[in-house]
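S.K.: Got a structure for you, written out below as structure tokens; questions coming shortly.
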Amino acid sequence: MLSTQQFSLLLLKWNHDFNRRNMPWKGINDPYKIWLSEIILQQTRVDQGEKYYNSITTKYLTVSDLSLAKDDEVYKLWQGLGYYNRCRNMLHTARHIHQELNGIFPKRYEDILNLKGIGDYTAAAIASFAYNLPYAVVDGNVVRVLSRVFGLNQSFYDAAGKKFFQSLALELLNKKKSAEYNQAIMDLGATVCKPQLPECNQCPFEKKCIAKIENRINELPVKKEKLKLKVRHFHFFVFEDKTSFYILKRTSKDIWNQLYTFYMIETENEKVKSKDNIILKSINNSPQVFQQVLSHQKIQGYFHINNKITEKEIAHLNVFKINKYELEAYAFPRLLISFFQKNNYL
């Protein structure tokens, strides 16, 4: 079995000689930009997250700049990333740092961890990459490398498993080169020890890897049990005229809070009923149907188009009028973006 020192030496040698993975936040020590990258990547692939990172850091150069931004402006930049609670927490934390900490990002791990929207992994990443503090970063890439190299049958998806991998990662960590080591093991998992078709001949641990030796690469790491998705049925009523749509802002503590949608009714299935006469008149027998899959639920969206209404008829629905050419100014859920794109509005 590899010793702690052997593991670190082999990993850092591979990093120095072969690792060519480039990302805009890699190798920097600005805690603000590292924090942004980690928040974006919590539920997002690197290739998708880069353009959002570049957009936000270009428009808001510092955490204080971000703290002074209008919510709708930031939501618009975030549009398409999903998991909007990340964005709300990001704004809350930026404003806390600006108002309570004089715009200075905390340097202690414990203080970083206390910020809203930051858990153990993100706090360790910021502490390590920004300040080279000796905290081990444990994400899916790290778990995959450790599980395969050491032949571990331990699941990562419960409290005991998280504690186990955190302890092992900290034991293996090169504490003098924390930032380099953490980035190297994540890059190895992302580019070489991949979930499917790993490039074992490029791996510094090929001859020592238990999963490789025992032909268990496809078994490790231990898989997470698949959650059964809850299916929700949303009926959207597209009230429009030649130049305008009528929309509203969602404010309930549910998905898409603070985003804009058409007036909507949730039902148990694809059928919709209502006591409201204007809604009854607007129900289409063949609505346009779009689907969006989230982490724990699947949204079936039915779009009922009504272009024969008056503003007076729908005033009681608390919708407001926007020009069809102004859609870019509002942050919509991905489901509505699909509708707009299919109908050539975006």
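Readers should treat all values here as calculations from the given coordinates under stated rules, not as data from a laboratory. Computed from a prediction, not measured in an experiment: that's the story for all the values here. Note that each Cβ is placed from the backbone with ideal geometry, even for glycine, and that neighbours are counted across all protein chains shown.
S.K.: Which of these, S295, S178, S64, has the largest mean-square fluctuation under a Gaussian network model of the chain (Cα springs below 10 Å)?
M.R.: In the Gaussian network model the winner is S295.
S.K.: Another question, if that's okay. Return the percentage of antiparallel bridges among DSSP beta bridges fully within the chain, rounded to the nearest 5 %.
M.R.: 65 percent
S.K.: If you project the alpha carbons of the chain onto the principal axes, what extent comes out on each, in Å, largest first?
M.R.: Per principal axis, max minus min of the Cα coordinates gives 74, 50, 33 Å.
S.K.: Another question, then. What does the charge add up to near A184, with Lys and Arg as +1, Asp and Glu as -1, over the other residues with Cβ less than 10 Å from its Cβ?
M.R.: Net of charged neighbours comes to +1.
S.K.: Further question on the same structure: Quick one: net charge around L133, please, counting Lys, Arg +1 and Asp, Glu -1 for every other residue with C-beta under 10 Å from its C-beta.
M.R.: After counting each charged neighbour, the total is +3.
S.K.: Going Cα to Cα from K223, which aspartates and glutamates come in below 13 Å? Please leave out same-chain ones fewer than 8 positions away.
M.R.: Once the sequence-local aspartates and glutamates are set aside, what remains near K223 is D158.
S.K.: Also: Aspartates and glutamates within cross-link reach of K281: Cα-Cα under 12 Å, excluding same-chain residues under 8 positions apart?
M.R.: Partners within reach: E313.
S.K.: At 0.36 nm per residue, minus the direct Cα-Cα distance, what do N132 and E326 gain on full extension? Give it in nm, one decimal, please.
M.R.: 65.3 nm
S.K.: Please give the contour-minus-distance gain from E313 to K107: 0.36 nm per residue of separation, less the Cα-Cα distance, rounded to one decimal in nm.
M.R.: So the chain would gain 68.5 nm between E313 and K107.
S.K.: Computed from the mean reciprocal separation of all distinct C-alpha pairs, what Kirkwood hydrodynamic radius does the range 240-316 have, in Å?
M.R.: It is 14.1 Å.
S.K.: Also, I was wondering about something else. I want the antiparallel fraction of DSSP beta bridges within the range 191-344, as a percent rounded to 5.
M.R.: If we restrict to bridges inside the range 191-344, about 65 percent are antiparallel.
S.K.: For helix 140-150, report the angle its Cα long axis makes with the longest principal axis of the Cα atoms of the chain; keep it between 0 and 90° and round to the nearest 10°.
M.R.: 30 degrees
S.K.: Within the range 147-231, which trypsin sites (Lys or Arg not before Pro) sit in a loop by DSSP and count at most 14 neighbouring Cβ atoms inside 10 Å?
M.R.: When the trypsin sites (Lys or Arg not before Pro) of the range 147-231 are filtered for loop state and at most 14 Cβ neighbours within 10 Å, K207, K223, K224, K226, K228 remain.
S.K.: For Q288 and E171 in one chain, what is 0.36 nm times their gap in residues minus the Cα-Cα distance, to one decimal in nm?
M.R.: The span from Q288 to E171 would gain 36.6 nm if fully extended.
S.K.: Shifting gears a bit: Hey, what angle do you get for helix 120-131 against the long axis of the chain, alpha-carbon based, 0 to 90 degrees rounded to 10?
M.R.: The helix 120-131 is inclined about 60 degrees to the chain.
S.K.: Further question on the same structure: Output the pairs from K13/K51; K13/K162; K76/K324; K242/K308 with a Cα-Cα distance over 22 Å in this structure; if there are none, say none.
M.R.: K13/K51; K13/K162
S.K.: Cα centroids of the range 284-346 and the range 113-145: how far apart, whole angstrom?
M.R.: 39 Å
S.K.: Check the straight Cα-Cα distances from K33 and name the aspartates and glutamates below 16 Å, setting aside those fewer than 8 residues away within the same chain.
M.R.: E50, D65
S.K.: Just in the range 192-300: which GluC sites (Glu not before Pro) are loop by DSSP and have at most 13 other Cβ atoms within 10 Å?
M.R.: E199, E214, E225, E268, E270
S.K.: Do any trypsin sites (Lys or Arg not before Pro) in the range 43-102 lie in a DSSP loop with no more than 10 other beta carbon atoms within 10 Å, and if so, which?
M.R.: The qualifying sites are R45, K70.
S.K.: Taking only DSSP H segments of four or more residues, each worth -39500 (n - 2.57), what value at 222 nm results for the chain once the sum is divided by all its residues, to the nearest 500 deg cm²/dmol?
M.R.: Helix contribution divided over all residues of the chain: -12000 deg cm²/dmol.
S.K.: To test your reading of the geometry: what angle, between 0 and 90 degrees and rounded to tens, separates the Cα axis of helix 4-17 from the longest principal axis of the chain?
M.R.: Helix 4-17 sits roughly 70 degrees off the main axis of the chain.
S.K.: Using 7 Å Cα-to-Cβ label points, what is the Q341/C200 separation (nm, one decimal)?
M.R.: Going by the 7 Å Cα→Cβ label model, 3.9 nm.
S.K.: Oh, and also: Quickly work out the L229-to-V46 label distance, labels modelled 7 Å from Cα along the C-beta direction, and quote it in nm with one decimal.
M.R.: 2.7 nm
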